[in-house]
Structure formats: C-alpha cells, structure tokens
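Undergrad: Have a look at this one before I ask anything.
We did not get these values from a lab; they are worked out from the coordinates using the rules stated. Keep in mind it's a predicted model, so treat the numbers as computed, not measured.
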C-alpha cells in the first residue's frame with residue numbers, strides 16, 4: 001500500500017452527532033466514537049454550526065467554531081485537554 005492510499009483510507013468521510021456521542025467515519029470503513037461532552041465547544045454549538053464541518057485526512061474541522069477533532073486523538077480514548085484562557 002502506498003502512502004497515498006493509506007492516507008486515503010484515513011480520510012474522514014462523515015461526522016455524526018447523536019445520543020450524546022460524536023462518531024467519525026473513515027474511508028476504510030472504521031467508525032470511531034467518543035462522548036460529546038469531551039468536546040464542550042461542539043456540544044454547545046447550534047445545529048447549523050455542527051452541520052458546517054470540513055473533513056480531512058485524520059481530522060474534522062468546524063470553521064464556524066474554529067475547532068476540530070483529531071482522529072488519532074480520538075483513537076487514544078482519552079478526553080482532550082481543555083486549555084483555558086487566563
């Protein structure tokens with residue numbers, strides 16, 4: 001498998017938010033899910049903001065919210081650290 005085809009397999013093809021979870025589907029058929037409350041910025045977003053998502057290789061980004069989800073971090077199963085402004 002070439003690097004390009006490996007990257008294509010890791011392309012995010014869908015994001016689904018339901019039942020208080022965020023599910024990310026990859027081109028290779030994997031579906032990864034984590035609790036929505038791990039991403040408070042996404043939990044508090046409007047349906048319109050949630051719908052405006054850009055999908056990339058190994059990530060999903062919400063431009064209206066200026067934040068995103070990294071698939072590698074999701075796979076670790078550890079909640080992302082929240083950096084608070086001081």
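Undergrad: From the P(r) of region 3-76, can you give the percent of Cα pairs sitting at distances over 21 Å?
TA: 19
Undergrad: Go ahead and estimate [θ] at 222 nm for the chain from helices alone: -39,500 (n - 2.57) per DSSP H run with n ≥ 4, summed, over the residue count, rounded to 500.
TA: Here the helix-only value at 222 nm equals -5500 deg cm²/dmol.
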